[in-house]
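Below is one structure, written out as structure tokens, with a few remarks after it.
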Amino acid sequence: MKSVVTTVIASADAAGRFPSTSDLESVQGSIQRAAARLEAAEKLAGNLDAVAKEAYDACIKKYPYLNNAGEANSTDTFKTKCQRDIKHYLRLIQYCLVVGGTGPLDEWGIAGQREVYRALGLPTAPYVEALSFARNRGCAPRDMSAQALVEYNALLDYAINSLS
């Protein structure tokens, strides 16, 4: 799984060199932000169901046509799957917070997603809306510290950009 540490080591190894000073500073910065990332991961874990449900509701509010017959959210099964997918993205973001890198999102959430959504005829804009809502919903210090919110939002932005 990709993290800052594994990325730095793999990059230096591929170049046939030891990690440089800037490489090590990158690792040190990641370690210094670890407490904030773990705080964000813990807070997200405690509210994952609520955040996912609110994000889903915001998505459907913006795109109500998805509930029409034949659309991506037209049956109870489709609704359950949409909520599951939003929760899946949030859980991957939680994993990224723990490992300190984008590996879980890259490997399990982004690789091939456009092809899958295209093949299934699913629009990505509702997922972007749901994750954007989750991003805009967060508030420091109500939900978590300001630094934890920065770490959380950066990963939400990463996921949003991958879906856009």
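The values are calculated or read from the model by the stated rules, or taken from the named source; none is laboratory data. The structure displayed is predicted, hence computed values, not measured ones. In this analysis, Cβ positions are derived from the backbone assuming ideal geometry, glycine residues included, and neighbour counts consider all displayed protein chains.
Annotations for the structure displayed:
- Residues in the stretch 39-78 that are charged (D, E, K, R) and more than 20 Å from the chain's Cα centre (by Cα): 61, 62, 71, 76.
- The C-beta contact set for the stretch 147-162 (first residue closer than 17 Å to residue 55 by Cβ, second residue among the β-branched types (Val, Ile, Thr), distance under 6 angstrom, 6+ apart or interchain) comprises 155/93; 158/102; 160/128; 162/110.
- Condition met for residue 104 (more than 26 Å from residue 143 (Cβ to Cβ) and either of a type outside the set (D, E, K, R) or assigned to a helix (DSSP H, G or I) (or both)): no
- Qualifying residue in the stretch 128-143 (condition: touching a residue at least 24 places away in the same chain (Cβ under 8 Å) and touching a Ser or Thr at 6+ places or on another chain (Cβ under 9 Å)): yes
- Counted residues, the stretch 131-164 - those being part of a loop (DSSP other than H, G, I, E, B) and farther than 12 Å from residue 44 by Cα: 6
- Test for residue 54: is it at pLDDT 90 or above and among the charged types (D, E, K, R): yes
- Any hit, the stretch 104-119, residues being farther than 23 Å from residue 6 by Cβ and among the aliphatic types (A, V, I, L, M): yes
- Failed condition for residue 71, given (1) charged (D, E, K, R); (2) under 29 Å from residue 141 (Cα atoms); (3) in the same structural domain as residue 104 (by TED's automatic domain parsing): (2)
- Residues of the stretch 109-122 that are crowded, with 16+ Cβ neighbours inside 10 Å and either not hydroxyl-bearing (Ser, Thr, Tyr) or not assigned by TED's automatic domain parsing to the domain that holds residue 64 (or both): 109, 110, 113, 122.
- Here residue 35 meets each of (1) farther than 23 Å from residue 125 by Cβ; (2) touching a Lys or Arg at 6+ places or on another chain (Cβ under 7 Å) with one exception, condition (2).
- The one condition in (1) under 15 Å from residue 151 (Cβ atoms); (2) surrounded by 20 or more Cβ atoms within 10 Å (Cβ to Cβ) that residue 98 fails to fulfil: (2)
- Residue in the stretch 34-43 that is modelled with pLDDT under 90 and at negative phi present: no
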